[in-house]
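Peer 1: The structure under discussion is supplied below as structure tokens; questions concerning it will follow.
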């Protein structure tokens, strides 16, 4: 795991963060589905830490704003259409989280069965970007959520040990956290690794 | 959410903006190949090369070799400094837009630092 330069984080006094899905967001995914997917993504980080997240309707009340945008959207980090860069988020305490509206997002359901080769699982990307919003940089550990790339038509939403150690060093651990579940390994993969 | 049946095939529109990197597979130090400037833009965007004073050129120079070696370290690839097939494939993968190295001071975790040490 890594941190942004200077290791910025949310203030220790701020354990509850509010997020808003911005009204002008450029997506055809319905609002209820978006709420469910982002709630699930935030819950994965709150399970491991002492942080809590709640959705709020108003962006002006929110610590974190989430929006879908196309091309140049004013932050100097233009999106590039399908595939390429999928999303980006800013380090604490900026709170901006932008997704490329041009992606073939899959919000719920089995992404591996999507009809498009370029389908991208929304929750997987959301879990990764929330890591940035909380202060994590990228990780070299391929199984970690904070690894920079993702394969289309795959889902990766479970925090790896690398992610957990990184985030708990910043915010402390949730005493009820059960720890990470090691990824399932087939006998063929085990043989190959050996 | 998948597109309903009956819609026109939009696969041609879903082209990877980095697919041209495929043509650069096998390039190494000293080569000059059209498209290397674009790959330097990619490396610069994600923190492996500093922003150029003007435009990047198509020369595979020493800075590019070092940048590719660092990229390979970060992504668990063999650090050859060359654009081998595995490196090009990784560079074409969809990814997060946040840089891997920020201001030259942040890298991708202890694995890389350990190797450098």
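The values are calculated or read from the model by the stated rules, or taken from the named source; none is laboratory data. Bear in mind the structure is a predicted one, so any value in this text is a computation, not a measurement. All Cβ positions, glycine included, derive from the backbone under ideal geometry; neighbour counts span all protein chains shown.
Peer 1: Quick test of your reading of the structure: residue A:92 fulfils all but one of (1) modelled with pLDDT of 95 or more; (2) assigned to a loop (DSSP other than H, G, I, E, B); (3) over 15 Å from the mean Cα position of the chain (by Cα). Name the failing condition by number.
Peer 2: The single condition residue A:92 does not satisfy is (3).
Peer 1: Would it be correct to say that residue A:31 is at pLDDT below 95 and either touching a helix residue (DSSP H, G or I) at 6+ places or on another chain (Cβ under 6 Å) or surrounded by fewer than 20 Cβ atoms within 10 Å (Cβ to Cβ) (or both)? Lay out the reasoning, then the answer.
Peer 2: Working: at pLDDT below 95: yes; either touching a helix residue (DSSP H, G or I) at 6+ places or on another chain (Cβ under 6 Å) or surrounded by fewer than 20 Cβ atoms within 10 Å (Cβ to Cβ) (or both): yes.
Yes: the conditions hold for residue A:31.
Peer 1: How many residues are outside any helix (DSSP H, G or I), within 9 Å of chain B (Cβ to nearest Cβ) and touching a strand residue (DSSP E or B) at 6+ places or on another chain (Cβ under 6 Å) if we restrict to segment A:121-156?
Peer 2: 5
Peer 1: Residue by residue through segment B:62-98, note down the ones that are more than 8 Å from chain A (Cβ to nearest Cβ), assigned to a loop (DSSP other than H, G, I, E, B) and under 30 Å from residue A:72 (Cβ atoms). Steps first, please.
Peer 2: Step one: of segment B:62-98, the residues more than 8 Å from chain A (Cβ to nearest Cβ) are B:62-72, B:77-89, B:91-92.
Restricting the remaining residues to those that are assigned to a loop (DSSP other than H, G, I, E, B) gives B:77-84.
The one that is more than 8 Å from chain A (Cβ to nearest Cβ), assigned to a loop (DSSP other than H, G, I, E, B) and under 30 Å from residue A:72 (Cβ atoms): B:83.
Peer 1: Let me ask something else about it. Hey, does segment B:49-62 have a residue that's within 11 Å of the chain's Cα centre (by Cα), under 16 Å from residue B:84 (Cβ atoms) and surrounded by 17 or more Cβ atoms within 10 Å (Cβ to Cβ)? Don't jump to the end; show me each part of the working.
Peer 2: Going through segment B:49-62, the residues within 11 Å of the chain's Cα centre (by Cα) turn out to be B:49.
After this cut, where a residue has to be under 16 Å from residue B:84 (Cβ atoms) as well, the list is none.
Looking through segment B:49-62, none of the residues is within 11 Å of the chain's Cα centre (by Cα), under 16 Å from residue B:84 (Cβ atoms) and surrounded by 17 or more Cβ atoms within 10 Å (Cβ to Cβ).
Peer 1: Oh, and also: For residue B:83, only one of the following conditions fails: (1) at pLDDT 95 or above; (2) touching a strand residue (DSSP E or B) at 6+ places or on another chain (Cβ under 7 Å). What is its number?
Peer 2: (2)
Peer 1: Which of the residues belonging to segment A:8-28 are within 14 Å of another protein chain (Cβ to nearest Cβ) and either closer than 18 Å to residue A:98 by Cβ or modelled with pLDDT under 95 (or both)?
Peer 2: Within segment A:8-28, A:27, A:28 qualify.
Peer 1: Separate question: (1) surrounded by fewer than 20 Cβ atoms within 10 Å (Cβ to Cβ); (2) modelled with pLDDT of 95 or more; (3) more than 10 Å from chain B (Cβ to nearest Cβ); (4) farther than 23 Å from residue A:31 by Cβ: which one isn't true of residue A:76, the others all being true?
Peer 2: Going through the list (1) surrounded by fewer than 20 Cβ atoms within 10 Å (Cβ to Cβ); (2) modelled with pLDDT of 95 or more; (3) more than 10 Å from chain B (Cβ to nearest Cβ); (4) farther than 23 Å from residue A:31 by Cβ, residue A:76 breaks only (2).
Peer 1: Looking at residue A:86 and the list (1) surrounded by fewer than 22 Cβ atoms within 10 Å (Cβ to Cβ); (2) more than 16 Å from residue A:165 (Cα to Cα); (3) within 7 Å of chain B (Cβ to nearest Cβ), which single condition is not satisfied?
Peer 2: The number of the failed condition is (1).
Peer 1: Any idea which of A:62, A:47, A:89, A:57 is within 21 Å of residue A:146 (Cβ to Cβ), out of contact with any helix residue (DSSP H, G or I) (no Cβ under 6 Å at 6 or more places or on another chain) and touching a residue at least 24 places away in the same chain (Cβ under 8 Å)?
Peer 2: Values: A:62 fails: within 21 Å of residue A:146 (Cβ to Cβ); A:89 fails: out of contact with any helix residue (DSSP H, G or I) (no Cβ under 6 Å at 6 or more places or on another chain); A:57 fails: within 21 Å of residue A:146 (Cβ to Cβ).
Only one candidate qualifies: A:47.
Peer 1: Among the residues that make up segment A:60-67, is at least one of them away from chain B (no Cβ under 11 Å), under 16 Å from the mean Cα position of the chain (by Cα) and part of a loop (DSSP other than H, G, I, E, B)?
Peer 2: Just the residues of segment A:60-67 that are away from chain B (no Cβ under 11 Å), to begin with: A:60-67.
Going one step further and asking which of them are under 16 Å from the mean Cα position of the chain (by Cα), we end up with A:63-67.
Pick out the ones that are also part of a loop (DSSP other than H, G, I, E, B) and you get A:63.
Yes: segment A:60-67 contains one or more residues that are away from chain B (no Cβ under 11 Å), under 16 Å from the mean Cα position of the chain (by Cα) and part of a loop (DSSP other than H, G, I, E, B).
Peer 1: Looking at (1) in a loop (DSSP other than H, G, I, E, B); (2) within 11 Å of chain B (Cβ to nearest Cβ); (3) modelled with pLDDT of 95 or more, find the lone condition where residue A:116 falls short.
Peer 2: Going through (1) in a loop (DSSP other than H, G, I, E, B); (2) within 11 Å of chain B (Cβ to nearest Cβ); (3) modelled with pLDDT of 95 or more one by one, residue A:116 breaks only (3).
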